[in-house]
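Read through the structure below, which is laid out as structure tokens, and then see the notes.
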Amino acid sequence: MRICVVGAGYVGLTTAAALANFGHEVQCVDMEQAKIDSLTQGKVPIYEPGLEKLIRKNLKKDKLHFSSNVIESIRDYPMILIAVGTPSREDGSSNLSYINQVINLIASNIKDYKIIITKSTVPAGTNEWMHQMLVEKGIEEDLFDIVSNPEFLREGTALWDIFHPNKLVFGTRTDRPIKVLKKLYESEKVPYIFTSLTGAELIKYASNAFLATKISFANEIARICDVYEVDYSDIYKGLATDPRIGRYFLNAGLGFGGSCLPKDLSCLKHSASKQNVETKLLDAVMEINDTQIELYLNKLGKALPSLEDKQITVWGVTFKSGTDDLRSSPAIALIKQLVQIGCRVHTYDPMVQLELADVSSYINQYESVIGSDVLIIATEWDQFLKSDWSEIKSRMKGSIILDARNCINAQTVRKHGLLYLGVGKR
Ligand code: UGA
């Protein structure tokens, strides 16, 4: 099949590379010429394990192409997959201006039948609105089918996720595109879920909202464990062994961040409130998440009477390990609060050198702790778990290790004469 992927961001690039690898002829387009130039040379502007290699392989096989000529590509390709950004607005709603632009381009350039697939995460009702827009612009319904096909990739494991999906979701208005859609991904054994356009949109939001709910639940239980001096990891084992509960997304810590969970939760809440539906559970999920940083700072405040003027090292600045993405990173929110309190903040991250006012960024994990009163673990990179604690002890001025991801072995840390702090961790 010949597919034009619009948007060379995180989702667009991963999807384009995977579709090309399935054997389709893929053209990935983006307005940003500089980005297209570097992608054409096989240089990928984001860090995602394996992505650059996959892109180079398919460039070489002539299955994948990049172009900034959006109009020509939209005109030429029978299938258009939209993967443009839908950033959050202040009120939680999604900014759909890029989607709007693409629909206008399609409307002005469509000559023959096209399947238009929305991969971008869009609020309930958006795909119906896109259909309506095309009709209002005079495009015959015979000339196109809109399909809502949300993605469920996680940053850091995106290629694994796209090659091993647990489901494929397609929202359609009619049965007409279904035969073609079944050939799009090489995944015969996974469940195909066909639903309405809005049904598919809501599956995506419900998934991310449920994942966020699990995390806030874990964080609330960890708070309860903390006062009873019980180790949350024991509770975790008890929960995770029950298949009805499952073992994923129950790690307690600084809370959820990134470009998806917080944004999608806000958007779902916004959509519901526009329809006068109360979202008490989702409100609580967000409220718990919004108070996680304060919780950890309070914990630190109890161990150190005054944080002002203290030197604090924060390990990990991205929104989770395995990525270089800083968007809505709880670690950065924490760092900003520490700076505001008057702390001198040092940071170290295996992927990113943070550039932030009043923060010193290090390229060596052990140099970053020299003279520090506190070390905070803000993301769970493997290399942090394997740290040399005697080296750390000898370089730090103080002895507090605040494990804000519940990922460090407390006994090992204590054995080296350091003070281990965590929430719901003994
Ligand atoms: C999330 C979903 O997991 C994907 O299925 C979805 O496709 C994607 O959003 C999206 O909508 O595009 P992602 O944002 O890459 O993926 O990252 P997650 O692995 O979900 O982590 C999100 C946040 O939750 C991170 O800050 C992470 O540290 C935190 N988290 C995750 C926890 O605090 N505890 C956990 O047990 C798991």
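The values are calculated or read from the model by the stated rules, or taken from the named source; none is laboratory data. All of these numbers come straight from a predicted model, not from anything done at the bench. Don't worry about glycine lacking a Cβ; one is built from the backbone with ideal geometry, like all the others, and counts go over all protein chains shown. SASA here: full protein model, heavy atoms, side chains in, ligands and nucleic acids out. Shrake-Rupley method; radii C 1.70, N 1.55, O 1.52, S 1.80 Å.
The figures follow:
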{"read-out": "On Cα atoms only, tilt of 280-290 relative to the major axis of the chain in degrees", "value": "50"}
{"read-out": "Vicinal HN-Hα couplings computed from phi for segment 233-239 (Karplus, 6.51 cos²θ - 1.76 cosθ + 1.60; Hz; Gly/Pro x)", "value": "5, 5, 4, 4, 4, x, 6"}
{"read-out": "Where the Cα pairs of segment 218-366 fall when distances are cut into 5 Å bins, in %", "value": "2, 8, 14, 16, 18, 17, 13, 7, 3, 1, 0"}
{"read-out": "Heavy-atom accessible area per residue - segment 325-426, 1.4 Å, Å²", "value": "45"}
{"read-out": "Cα-centred dipole magnitude for segment 205-290, charges only on beta-carbon of K, R (+1) and D, E (-1), debye, nearest 20", "value": "400"}
{"read-out": "Electrostatic dipole magnitude of segment 272-355 [Cβ: Lys, Arg +1; Asp, Glu -1; Cα centre; debye, to 20]", "value": "140"}
{"read-out": "³J(HN,Hα) computed for each position of segment 406-412 - Karplus, 6.51 cos²θ - 1.76 cosθ + 1.60, integer Hz, glycine/proline x", "value": "6, 10, 9, 6, 4, 4, 4"}
{"read-out": "Unsatisfied cross-links (Cα-Cα over 22 Å) in the set Lys214/Lys320; Lys35/Lys263; Lys63/Lys183; Lys269/Lys320; Lys204/Lys274", "value": "Lys35/Lys263; Lys269/Lys320"}
{"read-out": "With DNA, RNA and ligands ignored, accessible area of Cys343 (1.4 Å probe; Å², nearest 10)", "value": "10"}
{"read-out": "Mean separation of Cα contacts under 8 Å, 6 or more apart, over the residue count of the chain: relative contact order %", "value": "12"}
{"read-out": "Cα centroid separation - segment 390-416 against segment 96-150, whole Å", "value": "54"}
{"read-out": "Charge-dipole axis of the chain as Lys and Arg at +1 and Asp and Glu at -1 on Cβ define it, positive-most pick from Val84, Leu168, Ser266", "value": "Leu168"}
{"read-out": "Thr118 long-range amide H proximity, modeled H, under 5 Å", "value": "Ile82, Val147, Ser148, Asn149"}
{"read-out": "Tail weight of P(r) past 35 Å, computed on alpha-carbon pairs of the chain, percent", "value": "36"}
{"read-out": "Total charge dipole magnitude, the chain, about the Cα centre, Cβ charges on Lys, Arg, Asp, Glu only, Debye to nearest 20", "value": "880"}
{"read-out": "Accessible area of Lys137 in the full protein assembly, 1.4 Å probe (Å², nearest 10)", "value": "100"}
{"read-out": "Under 5 Å, built H, 5+ apart or other chain: amide partners of Asp325", "value": "Phe319"}
{"read-out": "Segment 363-370 - phi-based ³J(HN,Hα) in whole Hz, Karplus 6.51/-1.76/1.60, Gly and Pro as x", "value": "9, 10, 4, 7, 5, 5, 9, 4"}
{"read-out": "In Å², nearest 10: area of Met1 left accessible to a 1.4 Å probe", "value": "80"}
{"read-out": "Full-extension gain in nm, Arg173 to Lys57, via 0.36 nm per residue minus C-alpha separation", "value": "38.2 nm"}
{"read-out": "Largest-first ordering by accessible area, 1.4 Å probe, given options Glu128, Glu278, Glu90, Glu155", "value": "Glu90, Glu278, Glu128, Glu155"}
{"read-out": "Estimated FRET transfer efficiency when R0 is 45 angstrom, pair Val135-Asp358 (beta carbons, to 0.05)", "value": "0.25"}
{"read-out": "Cβ-based charge dipole, the chain, positive-most Cα from Met1, Leu295, Gly342", "value": "Met1"}
{"read-out": "DSSP beta bridge pairing in the chain, given as percent antiparallel to the nearest 5", "value": "5"}
{"read-out": "Candidate lysines for bridging to Lys397, where Cα separation is under 16 Å - those fewer than 8 sequence places away on the same chain excluded", "value": "Lys310"}
{"read-out": "Debye log10 I(q)/I(0) for segment 292-421, one point scatterer per Cα, at q = 0.17 Å⁻¹", "value": "-0.81"}
{"read-out": "Segment 2-195 - Rg (one decimal) and Dmax (whole number), Cα, Å", "value": "15.9, 45"}
{"read-out": "Residue-span extension gain [Glu308 to Asp242] - 0.36 nm each, minus C-alpha spacing", "value": "19.3 nm"}
{"read-out": "For the chain, calculated [θ]222 nm from helices alone, where every DSSP H run of n ≥ 4 adds -39500 (n - 2.57)", "value": "-12500 deg cm²/dmol"}
